[in-house]
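A.B. asks: Here you go, one structure.
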């Protein structure tokens, strides 16, 4: 056990839970408050919040393990995709999505395409978001095990339960405001460690020389082109298809705040990835190939080698915070998928707010228990697991969203067939593994597109009312709306 | 729907469309060329292109924010 690190992490988590309890009163006062923080967050808080929500254990922690295993170019390719995700969503989707006034992605599908697509999308969100929690718990288990000196499995169970209680008591209010603190710590912690590493080696040239001496393949291309492009493609779409990011975007007071929050988050990603490059290079210098039991331990070796215990505690708290914020929003997405989209949306439309919230809490705990059980035996690198899950959502949702926003003719039958086609083909590719690492999405997504376009053209156009609604959202962007 | 609306929907005056086209062109440039020869610090040239894109895309978001806000005012 590392006592100083443990105390710092413990105090930090207590502080977060305190904030959660404080805001829980407001959260339970209305359904809208619970889900989207009453839409009253400014762009400064919003930037850190949306960044922390999307930048998960994969971005801050898993990226180092990924780079250690596959080389610096793959790490930078992951950075390229992570930095592209907010601009891409901002340019083509954020304004229209916010203007549509929905709180979750399935709710958008309901409004645009109707009941059948709504139910299918809710089921897919619940499926993938539950899986998404697994790599997050894996990362937290590694860190918990390192700090507390506990076996990995014990750490996963304890932390998983703690995260779920935290998410359950505060809803989005607590998450949005604690995300602000977590975002600050993530960017600051990465910068601090990166600078310490750089200073210790007397510049980046020395750092790289040490890394290449330990692993001559560090700077070479070590995977096929398809794996690079697949990784980029998955995260390019991430903010469009990830319900957590959508919900974060809605927390802004108005469209201007939502946009500026995404701009700020893009810069935070850039800063974090540049400092992460220094951390990765140090990790490679410290650990020659084959010396780590798991590649995802690479980050921890740098923390241990370069940071005094107090700072290490703060940094590890930052990493745990990033995982916690993401896990919370995924748990909320699963919870909303069942309680809001399926139960209130189609089973009991007049359900009282408190009942819907209570059902959401039960769903949250069930999903968390499932994820904890699976995370006890992690199968891959954290980032690869995250990319697998994200790729499934891209294959299923990317074109039903984009064509729904930009093509008036897109209809229910086409969206349903495309979504189902993308989902099923992706699952088949994942099970049979006919392609290179992370390139399944490059085939499944075009399949979804073709199915959606063909079925749409073979079936009747949507009503005039639906087409006018699509048109109106674009008129607003171009002419007057704010 | 009117012809005027159709033109507006896909107009190059729409900042979002212009920005996303630039973003995708940069990505296409990187992935189509994908130069693997070593460059500064021994990194492949494509690594440096990716780092350059980090900053270009970040700057694009700033330009977009100003552009769309001026656009809305007008």
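Taken together, the values in this text are just the output of simple stated rules run on the coordinates, not laboratory data. The model shown is predicted, which means the values in this text are computed figures rather than measured ones. Don't worry about glycine lacking a Cβ; one is built from the backbone with ideal geometry, like all the others, and counts go over all protein chains shown.
A.B. asks: Per residue, how much space in cubic angstrom lies within the convex hull of the C-alpha atoms of region A:324-454?
C.D. replies: For region A:324-454, the hull spanned by Cα atoms encloses 141 Å³ per residue.
A.B. asks: Also: Return the average number of partner chain Cβ atoms within 10 angstrom of each residue Cβ along peptide A:226-236.
C.D. replies: 2
A.B. asks: In deg cm²/dmol and to the nearest 500, what is the mean residue ellipticity at 222 nm of the protein assembly as shown if only DSSP H runs of at least 4 residues count, each as -39500 (n - 2.57), divided by the residue total?
C.D. replies: When only DSSP H runs of four or more count, the value is -26000 deg cm²/dmol.
A.B. asks: Using alpha-carbon pairs under 8 Å, 6+ residues apart, how would you state the relative contact order of region A:259-363 in percent?
C.D. replies: Relative contact order here is 17 percent.
A.B. asks: Please compute the volume of the convex hull spanned by the alpha-carbon atoms of the protein assembly as shown and report it per residue in Å³.
C.D. replies: Convex hull of Cα atoms, per residue: 134 Å³.
A.B. asks: May I ask for the equivalent-ellipsoid semi-axes of region A:257-337, computed as the square root of five times each C-alpha gyration tensor eigenvalue and listed largest first in whole Å?
C.D. replies: Over the Cα atoms of region A:257-337, the semi-axes work out to 28, 17, 13 Å.
A.B. asks: Average the reciprocal distances over every distinct pair of alpha-carbons in region A:317-358, invert the result, and give the Kirkwood radius in Å.
C.D. replies: The answer is 11.4 Å.
A.B. asks: A follow-up question, please. Can you give me the Kirkwood hydrodynamic radius for region A:67-143, using every pair of distinct Cα atoms, in Å to one decimal?
C.D. replies: For region A:67-143, the Kirkwood estimate is 15.4 Å.
A.B. asks: So, one more: Sorting check: for A:151-159, A:390-398, which peptide has the highest mean count of neighbouring beta carbons within 10 Å, and how do the rest follow?
C.D. replies: Ranking, from highest mean packing down: A:390-398, A:151-159.
A.B. asks: Taking the C-alpha atoms of region A:355-423, how large are the radius of gyration and the largest Cα-Cα span, Dmax, in Å?
C.D. replies: Answer for region A:355-423, Rg first and Dmax second: 16.7, 46 Å.
A.B. asks: Ranked from highest to lowest mean number of other Cβ atoms within 10 Å per residue, what is the order of the peptides A:213-220, A:114-121, A:76-83?
C.D. replies: Descending packing order for the listed peptides: A:76-83, A:114-121, A:213-220.
A.B. asks: Further, regarding this structure: Taking beta carbons within 10 Å but only from partner chains, what does the mean come to for residues A:67-78?
C.D. replies: For peptide A:67-78, the averaged partner shielding equals 3.
A.B. asks: Per residue, how big is the convex hull around the C-alpha atoms of region A:84-126? Give it to me in cubic angstrom, could you?
C.D. replies: Looking at region A:84-126, the number lands at 76 Å³ per residue.
A.B. asks: Report the Stokes-Einstein translational diffusion coefficient (µm² s⁻¹, integer) for region A:220-379, Rh taken as the Kirkwood radius over Cα pairs, at 25 °C with viscosity 0.890 mPa s.
C.D. replies: 126 µm²/s
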